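Following: one structure in structure tokens, then a few remarks.
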Amino acid sequence: MFLNLPRPLAALAMTFAVSSLAGCAGSPIFGGGGGGRDTQYVARDVNTLYSTAKRQLDRGNYATAAALFDEVERQHPYSVWARRAQLMSAFAYYSAKDHQKSIDSARRFLSIHPGNKDAPYAMYLIALNQYEQISDVQRDQTSTQAALDALGEVIRRYPDTRYAADARLKVDLVRDHLAGKEMEIGRFYQRRNQWLASVSRFRTVVDEYQTTTHAPEALMRLTESYLALGIPEEARKAAAVLGANYPGTEWYQRAYALVQRHAPAA
């Protein structure tokens, strides 16, 4: 069940599953196949309730498992199982793609156990839920910014963990996504001959996202926009920066041709 999950998340979830069930045999009662029968309120001993939740998780019945882990916390709030169940609930909701409930469970764990050794995992899980809600570049980027903020928090608070290492990789992808949004809007303005607006968007990419894959095109689009505005000096500067940093790209060839045609050096 953990094969398709990010490696740090799958490893931690497996650790929780194994350590939590040590010495606890699963009860055959409440078996079910993922229907509502397992989640109906019945006062149950904590071992049976937790093992039933784990069994549903193993079967891929993530929503049912999450509800059962929540029930562990509700029926046995002062047991060590309650702490474990909070994180397993967050993981189960994440697996069910119920991102908000997963975030809520992880945040509840952090609010109650901020110094716990598994706090980095909880913070990473929040970031991962935000990351997986990123929309395409043609839609609102609120979730993208939220993902960037959450990933940055993991890196800031737990810099030496494996979660921070994975977060750093995802930050690069998120920044590329945000740059892609700026490029999409800039090209939109170009198509409507709104050159000042397009310059603003392309400059944002060059200034704030210069390490992304969109930087070369942004410099070429700046060259186009400055020429359309009748500012050849700025067009030549943009093309020169493009040539200095990305000399072998198609974008530089196009910018160079434009400058030679419309704004050759004196």
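Prolate is the label for segment 121-202, because a/c, from the alpha-carbon gyration tensor with a ≥ b ≥ c as root eigenvalues, is 1.5 or above and a/b exceeds b/c. Only protein atoms count toward the accessible area here, which uses a 1.4 Å probe; on segment 112-211, the carbon and sulfur part of that area reaches 49 percent. Solvent exposure of segment 170-266, expressed per residue, is 53 Å² of accessible area, with all protein chains present and a 1.4 angstrom probe.
Give the value in nm², to one decimal: projected area of the alpha carbon convex hull of segment 149-266, averaged over all directions.
Working: hull surface 32.8 nm².
Its Cα hull, projected and averaged over all orientations, spans 8.2 nm².
Shown for segment 55-189 is the translational diffusion coefficient from the Stokes-Einstein equation, using the Kirkwood radius over Cα pairs, a temperature of 10 °C and a viscosity of 1.306 mPa s: 101 µm²/s. Were the residues from Ala165 through Gln133 laid out at 0.36 nm apart, the gain over their Cα-Cα distance would be 9.5 nm. Could you tell me which of rounded, prolate or oblate describes segment 58-122, using a ≥ b ≥ c as the square roots of the eigenvalues of the alpha-carbon gyration tensor, with rounded for a/c under 1.5 and, failing that, prolate when a/b is larger than b/c and oblate otherwise? Oblate shape, in that a/c is at least 1.5 and b/c is the bigger or equal ratio. Label-to-label distance, Arg107 versus Gln194, with points set 7 angstrom from Cα along the beta-carbon direction: 3.4 nm.
The values are calculated or read from the model by the stated rules, or taken from the named source; none is laboratory data. Here the structure is a predicted model, which is why all the values come from computation and not from measurement. Cβ atoms come from the backbone with ideal geometry, glycine included; neighbour counts cover every protein chain shown. SASA here: full protein model, heavy atoms, side chains in, ligands and nucleic acids out. Shrake-Rupley method; radii C 1.70, N 1.55, O 1.52, S 1.80 Å.
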